[in-house]
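The values are calculated or read from the model by the stated rules, or taken from the named source; none is laboratory data. This structure is a prediction, so every number in the text was calculated from the model and none was measured. Every residue, glycine among them, receives a Cβ derived from its backbone with ideal geometry; neighbour counts consider all protein chains shown. Only protein heavy atoms, including side chains, enter the accessible area calculation; ligands, DNA and RNA are left aside. Shrake-Rupley method; radii C 1.70, N 1.55, O 1.52, S 1.80 Å.
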Amino acid sequence: MNKFVSEQEVTNRGVYNEVVSLLAHMDDQDKGKIALRIAFIAETKLAIILTVLLEKLQKDEAKQSRHLLCPGESLTAGHLGPGEKASEENHNTSLKPHERDSVEARNELKVAASNTLVTLARCYFSDVMVELMYHLELPEEFIFITLGNLSSAYALKCIPFVGMILNVMISMLELVEDSRMRQAFCGVLEKCSRAVNGYFMNWEKCSFPRMGESQFCNQILPLYCHVTRNWLTCEELELKQAIIKALGPMMGILLHKKEPQNPIFKEISWLLEQYKEEIDVFHVTKCCCSHVGPRYWSDK
């Protein structure tokens, strides 16, 4: 028995190491072949594949500095205040060349792992989503990004998971503090909300029991309120854009319920006025106007 366990562990470790190696060499020429190889391994070793990919989406060891945990954060430096910008520039300058290379390598690995998870979800959607949700305990930028991409690529399939996703996101609202994390968080809100709005119009195409609009409205409302009350005063243009892109489809969901309609309509003009000179507000007007007319009511 011990011999069998030992052989199994050796096999699993070999698969683990192979997937790590494949991800590390996923350049443009090899992407297709590597994705096929990982998909082939997943046919018999899906659990190990998911373990590797999700590990790569997590933050690095705690001993690394916070800047190294958020690769690419310097891209937002142009939107920081003078004092913050100076601090950011000093920090970037203090990074040694090999540290910057390490940051870039880790970032590329996370992107490769995220894209591979989305690809695997084509055949193993429920397995991928369950594992991803299991790891959604604390805010993680690449977990959010992957979750958003899954919601976009497999909109109707993700609907049974949306309630769980939104509940978890509500529980971590106070933990999402920095700009990059908020952008990723808003990306999930946007894409989940778009999926729900699509479901409202195509629910008959789904094989699972119909889900009521009220359920989604009740879960979206606290997220909508928190974002509008606490994040709209931000100075970063990229974060403002992410917020507006999320608010449009979120409003679209809330307009399916009569109670919040008047406050939402009042906020639309205020939002347009606040951002009209800085970003494209088409995201708000399109999603809201499309829900002003007749709509489906599950409770009637």
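Quick notes on this one:
- TRP203 accessible area, assembled protein chains, probe 1.4 Å, Å²: 80 Å²
- Separation of the SER126 and GLN58 label points, Cα + 7 Å toward Cβ, nm: 2.6 nm
- Fully extended contour minus Cα-Cα distance, from ALA47 to ALA105, at 0.36 nm per residue: 18.4 nm
- Efficiency of FRET from Cβ geometry, GLU7 and GLU177, R₀ 45 Å, rounded to 0.05: 0.45
- Above-threshold pairs, the threshold being 26 Å between Cα atoms, out of LYS31/LYS56; LYS157/LYS240; LYS110/LYS205; LYS31/LYS240; LYS56/LYS191: LYS157/LYS240; LYS110/LYS205; LYS31/LYS240
- Gain upon complete extension [CYS206, HIS226; 0.36 nm per residue less C-alpha separation]: 4.1 nm
- Rg and Dmax of the stretch 106-237, Cα atoms only, in Å: 14.7, 44
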